[in-house]
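Quick notes on the structure that follows.
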Amino acid sequence: MDKIVVIGGGAGGMELVKKLGNKLGKQGSAEITLVDVSSHHIWKPLLHELATGSLDEGINAIDYQVHGAHNGYRYQQGSLIGLDKAARKITLAPLLDAAGQQVLPARELSYDYLVLGIGAVTNDFGTPGVRQYSHSLDLISSAMSLRERIKTLFIQHAHGQRSGRLNMAIVGAGATGVEMSAELHHMAKTLRDYGYNISDDLLNITIVEASDSVMPTLPKASLRQAVHNKLLELGVTVRTNTFVTEVREAGLATKDGTFIDADLILWAAGVKAPEVMQELGLDINRANQVLVHGNGRSHSDERIFAFGDCAAVPQPDGSFAPPRAQTARQMALVVANNLISLHRGESTPLQEYVYQDLGSIVNLSRFSTVGNLFSCFRGGLAVVGGPARFVYASLYRRHLWTMHGPVKGVFMLALNGMQRYLRPQLKLW
Ligand SMILES: Cc1cc2nc3c(=O)[nH]c(=O)nc-3n(C[C@H](O)[C@H](O)[C@H](O)COP(=O)(O)OP(=O)(O)OC[C@H]3O[C@@H](n4cnc5c(N)ncnc54)[C@H](O)[C@@H]3O)c2cc1C
């Protein structure tokens, strides 16, 4: 029986194991194992909402062990640290509890096919101080530690333990930085509504961007300008064409010689695949991404596949598929089909993945939503406000629907709708 080991239960990995589990695992024709460093899945494009408490992890987190039991795959919690291609084995780091005590020792898992979908982490581009003094939104654990820090700062201000404005600096004006700045404003407003002593102008958020525009990946200048204007309306300071040279405890040093004071810094300036990719003996690029063929197979080993943010996937026009949730999902499904075909010994050629740009949407919390749909077709269709918000929410609804199936999916969507009335808008404790 083929053993298929998938590392990473993220935006793409969950689609992959669900499909393999239901097609092969449940029939007992292959053993599907998911490995993830976390015990549960939260859709990564919502990590900023987790960090501000807008997203309730109690309702939205999917427990891998339970999901696997219902969908034909096994689950092992652990972090990938090694690969022996010749012996077809991977090594997982010892599993530690929150107090640093060992729960499980280092383990080895053998495979017939290995799939890497471990996503991306913040790219500090070698900038000094990023690791020591800034937060990121790489993993569920980083979002939760950011939530702790934000909560502490708000409470200290509300109780007079800190004076002046609360300075926050966000490096990078892509989706993560822009959406986070709006979420922080929503959080301050909601806390004020709950009776916390937080003044209207407490938040002083600065977004720093090296290029000449916010949301550089939005294809239309008018949409980029709409996002920029909304940020200004919220009171966010936007500094484009500004290059951060060093992160310090008290803020950001920039190339033009100015220093931006910050009590909290979020680094969201770009991504690369995790460092562990350098230890696996696979062909990788400068962003640590595994070099794969269009069908997802790695250049280095035909039994190893990769998809999503951690893979460099060539496209027919010579470019590479961008690191986005839709890429991860689309490609994970192609890899799943290819693994099913290989497992069944079919002689048809493996499917090649071609990126379909269905659009980009940026959600400025409850304040505005802006986007471009079907970008692959004649430049796409610009959407703003209600329709954009509807499409944005639909992306996550589709993810929940796929993860839970039609019946439970409907209940999950209903539960998510109801919790807006039943529970506080922010979950902080
Ligand atoms: C705040 C934010 C907003 C975003 N907004 C958008 C958006 O609007 N649109 C869009 O297209 N994209 C967006 N993205 C990017 C999108 O989330 C990613 O492109 C997408 O999640 C990539 O999917 P993936 O399956 O490759 O990896 P991920 O979804 O990142 O999943 C990787 C998984 O691997 C696990 N893992 C990591 N390292 C290890 C290890 N060593 N061992 C075991 N497991 C490991 C992680 O726990 C995780 O579960 C956003 C990202 C962020 C942070």
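The table below lists the values:
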item: Selection status of Gly371, crowded, with 20+ Cβ neighbours inside 10 Å and not in a helix (DSSP H, G or I); result: yes
item: Flag for Lys19 being of a type outside the set (Ser, Thr, Tyr), away from the ligand (no atom under 16 Å from the Cβ) and in contact with a helix residue (DSSP H, G or I) (Cβ under 7 Å, 6 or more places away or on another chain); result: no
item: Check on Asp56, among the acidic types (Asp, Glu), touching a helix residue (DSSP H, G or I) at 6+ places or on another chain (Cβ under 8 Å) and more than 23 Å from Phe305 (Cα to Cα); result: yes
item: Matching residues in region 273-289 - criterion: being within 12 Å of the ligand (Cβ to nearest atom) and buried (at least 17 other Cβ atoms within 10 Å of the Cβ); result: Ala273, Pro274, Val276, Met277, Leu280, Asn288, Gln289
item: Odd one out for Asp97 among (1) surrounded by 13 or more Cβ atoms within 10 Å (Cβ to Cβ); (2) within 26 Å of the chain's Cα centre (by Cα); (3) acidic (Asp, Glu); result: (1)
item: Any chance Ala253 is within 29 Å of Met215 (Cβ to Cβ), not aromatic (Phe, Trp, Tyr) and not assigned by TED's automatic domain parsing to the domain that holds Ala143; result: no
item: Selection within region 157-212 - part of a helix (DSSP H, G or I) and among the β-branched types (Val, Ile, Thr); result: Thr176, Val178, Thr190
item: Selection from region 372-402 of residues that are at positive phi and within 16 Å of the ligand (Cβ to nearest atom); result: Phe374, Gly380
item: Long-range neighbours under 6 Å by Cβ, at least six apart or interchain, first residue under 21 Å from Val276 (Cβ atoms) within region 311-331, second in a strand (DSSP E or B) and within 11 Å of the ligand (Cβ to nearest atom); result: Pro323/Val271
item: Contacts under 8 angstrom Cβ, first residue in region 204-225 being within 22 Å of Phe125 (Cβ to Cβ), partner modelled with pLDDT of 95 or more and charged (D, E, K, R), 6 or more apart; result: Thr206/Arg239; Ile207/Arg239; Val208/Arg239; Glu209/Arg239; Pro216/Glu209
item: Sole residue being modelled with pLDDT of 95 or more and either part of a helix (DSSP H, G or I) or surrounded by 16 or more Cβ atoms within 10 Å (Cβ to Cβ) (or both), chosen from Gln326, Gln351; result: Gln351
item: Of the criteria (1) farther than 30 Å from Gly117 by Cα; (2) of a type in the set (A, V, I, L, M, F, W, C); (3) outside the structural domain of Leu137 (by TED's automatic domain parsing), which one Val313 fails; result: (1)
item: Residue among Val292, Val214, Val227 that is within 16 Å of the ligand (Cβ to nearest atom) and in the same structural domain as Gly53 (by TED's automatic domain parsing); result: Val292
item: The one condition in (1) modelled with pLDDT of 95 or more; (2) within 16 Å of the ligand (Cβ to nearest atom) that Ser110 fails to fulfil; result: (2)
item: Criterion: at positive phi and either more than 24 Å from the chain's Cα centre (by Cα) or in a helix (DSSP H, G or I) (or both) - qualifying residue of Gly417, Gly405, Gly409; result: Gly405
item: Subset of region 208-234 (residues that are surrounded by 22 or more Cβ atoms within 10 Å (Cβ to Cβ), under 23 Å from Thr245 (Cα atoms) and not acidic (Asp, Glu)); result: Val208, Val214, Met215
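Yes/no per residue for (1) away from the ligand (no atom under 11 Å from the Cβ); (2) over 15 Å from the mean Cα position of the chain (by Cα):
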| residue | (1), (2) |
| --- | --- |
| Leu46 | no, no |
| Ala51 | no, no |
| Asn60 | yes, no |
| Gln65 | yes, yes |
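Conditions tested, residue by residue: (1) more than 22 Å from Glu49 (Cβ to Cβ); (2) touching a Lys or Arg at 6+ places or on another chain (Cβ under 8 Å); (3) in contact (Cβ under 8 Å) with a residue 40 or more places away in the chain.
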| site | (1), (2), (3) |
| --- | --- |
| Gln101 | yes, no, no |
| Glu108 | yes, yes, no |
| Gly119 | no, yes, yes |
| Tyr133 | yes, yes, yes |
| Asp138 | no, no, no |
| Met144 | no, no, yes |
| His159 | yes, no, no |
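The values are calculated or read from the model by the stated rules, or taken from the named source; none is laboratory data. What you are looking at is a predicted structure, and each value in this text was computed from that prediction instead of being measured. All Cβ positions, even for glycine, are placed from backbone atoms using ideal geometry, and neighbour counts span all protein chains on display.
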